[in-house]
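Chemist: Handing you a structure now.
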Amino acid sequence: MFERYNQPMADINIENFYRHIAVALTLLYSNFPSKFALYVDEVAGIDEPDEYGLHSPRYTSGFFALLWLEEEGYMRFADTIREDGVDQACLTHKAFLKLSAACDPIYVDPTLDNASTVLPLEPRVGLSPSVIEERKLVISQLRRALRSGSSLAVDKVIQHILHT
């Protein structure tokens, strides 16, 4: 009866959650300290409700990811916009500090030779110290993880943000 629960499989809901959180945090950081309307379409992608007016599970989970960010103290907002977004959204102090902190590379792709990273800080030659320092910021690593398209890279950076 419980055999299907013992099968190894990707928890796609968690991967989607991490991606939704990653996109929301980058948008919030890019607009900080301004308050703005943050829509689920921007976080989870455009979705058309079905014939009963219901959104897809992925879209709905994007909305609940936004609510979770507020409940856990990563953002604040004035009100929800139906189930389509949140109004007057802004990062909290806690989230701003986590995203603007500098750290060593969070995720190193183990399949690449010579320890290259998915989130490379190279090349350092010819770069100013301020540019090198900017690349170490957690928000910069999060943006590179999103651009890389690697779910694992996004997962690791989000886990770092949530655990520190």
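The values are calculated or read from the model by the stated rules, or taken from the named source; none is laboratory data. Nothing here was measured: the structure is a model prediction, and the numbers come from that model. For neighbour counting, all protein chains shown are included, and Cβ atoms are generated from backbone atoms with ideal geometry for every residue, glycine included. Keep in mind that these areas ignore ligands, DNA and RNA; they rest on the heavy atoms of the full protein, side chains included. Shrake-Rupley method; radii C 1.70, N 1.55, O 1.52, S 1.80 Å.
Chemist: What percent does the relative contact order of the chain come to when contacts are Cα pairs within less than 8 Å and at least six residues apart? Mind dumping the intermediate values first?
Modeler: Values: 210 pairs, mean separation 37.4, N = 164.
Reported relative contact order: 23 percent.
Chemist: With N denoting the number of residues in region 22-79, provide Rg(C-alpha) divided by 2.2 N^0.38 Å, to two decimal places.
Modeler: Taking the Cα Rg and dividing by 2.2 N^0.38 Å, one obtains 1.18.
Chemist: Take Asp11, Asp87, Asp109 and sort them by solvent-accessible surface of the protein heavy atoms, 1.4 Å probe, largest at the top. All intermediate terms of the calculation are to be shown ahead of the outcome.
Modeler: Values: Asp11 95, Asp87 55, Asp109 30 Å².
The residues order as Asp11, Asp87, Asp109, largest area first.
Chemist: In what order, largest first, do Asp84, Asp41 sit by accessible area if the probe radius is 1.4 Å?
Modeler: Greatest to least solvent exposure: Asp41, Asp84.
Chemist: For region 3-90, calculate the relative contact order in percent as a whole number, restricting contacts to Cα pairs under 8 Å that are 6 or more residues apart.
Modeler: Normalised by residue count, the contact order of region 3-90 is 33 percent.
Chemist: If you don't mind, there's one more thing I want to ask. Carbon-plus-sulfur fraction of the accessible area of the chain, 1.4 Å probe, in percent? Mind showing how you got there, number by number?
Modeler: On the way: 5290 of 9710 Å².
It is 54 percent, rounded to a whole number.
Chemist: On to the next question. What shape does the chain have by the C-alpha gyration tensor, where a ≥ b ≥ c are the square roots of the eigenvalues, rounded means a/c under 1.5, and otherwise prolate means a/b greater than b/c and oblate the rest?
Modeler: oblate
Chemist: Hey, another quick one. Based on DSSP loop calls and a cut-off of at most 14 other Cβ atoms within 10 Å, the longest stretch of the chain free of exposed GluC sites (Glu not before Pro) is what?
Modeler: Looking at the chain, 73-164 is the longest stretch - no exposed GluC sites (Glu not before Pro) with at most 14 other Cβ atoms within 10 Å.
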